[in-house]
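J.: This is the structure I want to talk about, given as structure tokens.
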Amino acid sequence: MGAILFSGCEVLLVERGREPLKGYWSLPGGVVEAGETLAAAVRREVAEETGLQVEPEFIAEVFERILRDAGGRPEYHYVLVDYVCRVTGGHLAAHDDASRAAWIPLARLDELRITEGTPPVIERAYRMWQGAAPPPLPPRAEGPC
């Protein structure tokens with residue numbers, strides 16, 4: 001689960017301080033703890049990594065990332081739900097497993113060592129954040145599930 005936060009033409013990114021992907025820039029986020037809602041997890045993870053309090057506004061993307069070991073076998077398998085969030089408080093500073101946290105100009109994303117697939121997610125989320133309504137939920141079926 002991850003958070004996408006915008007300020008003008010900048011996005012908040014963290015540089016990973018631990019494996020996997022140590023040294024790569026990515027969206028702040030992490031694992032959902034047992035019994036925790038996705039919204040609570042995104043709030044907690046952002047606070048732990050950046051010192052900021054946030055409020056999730058809408059889901060921008062759901063995708064999976066499979067990282068393989070040197071032999072090509074799956075080593076990590078993540079299902080990622082990325083929320084566009086707004087900052088509600090706190091002060092930006094890297095904490096927990098983030099070695100750095102910074103507002104990065106969107107025009108400079110290609111200059112970073114950034115996790116695979118992250119720039120297109122940020123670009124789509126930015127378009128949505130700029131005013132396009134988030135995609136509608138599918139209609140709910142009537143009757144029992």
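J.: Return, for the Cα atoms of the chain, the radius of gyration and Dmax in Å, separated by a comma.
T.: Radius of gyration, then largest Cα-Cα span, for the chain: 15.7, 51 Å.
J.: Take ASP96 and GLN130, extend 7 Å from each Cα along the Cα→Cβ direction, and tell me the distance between the two endpoints in nm.
T.: About 3.0 nm separates the two model spin labels.
J.: Right, another one. Count the net charge of all other residues whose Cβ sits under 9 Å from the Cβ of VAL79, scoring Lys and Arg as +1 and Asp and Glu as -1.
T.: For residues surrounding VAL79, the net value is 0.
J.: Then there is this: Starting from the Cα-Cα distance between ALA40 and VAL62, subtract it from 0.36 nm times their residue separation and give me the gain in nm to one decimal.
T.: Numbers: separation 22, 0.36 × 22 = 7.92 nm, distance 1.71 nm.
Full-extension gain reported as 6.2 nm.
J.: Still on this structure, please answer the following. What's the ranking of 116-125, 60-69 by average number of surrounding C-beta atoms within 10 Å, highest first?
T.: The densest-packed peptide leads the list: 116-125, 60-69.
J.: Here is a further query. Please report the relative contact order for the stretch 2-129, taking Cα pairs under 8 Å with a sequence separation of at least 6, and give it as a percent rounded to a whole number.
T.: Relative CO of the stretch 2-129 lands at 33 percent.
J.: Taking 0.36 nm per residue of sequence separation and subtracting the Cα-Cα distance, how much length would be gained by fully extending the chain between GLU10 and GLN53, in nm to one decimal?
T.: Extending this stretch completely gives an extra 13.7 nm.
J.: Which residue, TYR76, TYR126, TYR24, has the most motion in a Gaussian network model of the chain that connects Cα atoms within less than 10 Å?
T.: Maximum among the listed residues: TYR76.
J.: Hey, what number do you get for the chain at 222 nm if only DSSP H runs of n ≥ 4 count, each worth -39500 (n - 2.57), divided across all residues, to the nearest 500?
T.: -5500 deg cm²/dmol
J.: Tell me, what HN-Hα J-couplings in whole Hz come from the Karplus equation 6.51 cos²θ - 1.76 cosθ + 1.60 at θ = phi - 60° for each residue of the stretch 11-24, using x for Gly and Pro?
T.: These are the phi-based 3J(HN,Hα) values: 10, 7, 10, 10, 9, 5, x, 9, 6, x, 6, 4, x, 8 Hz.
All of the numbers you see were taken from the coordinates with simple rules; none came from a lab. Computed from a prediction, not measured in an experiment: that's the story for all the values here. Using ideal geometry, Cβ is built from the backbone for each residue, glycine included, and neighbour counts are taken over all protein chains shown.
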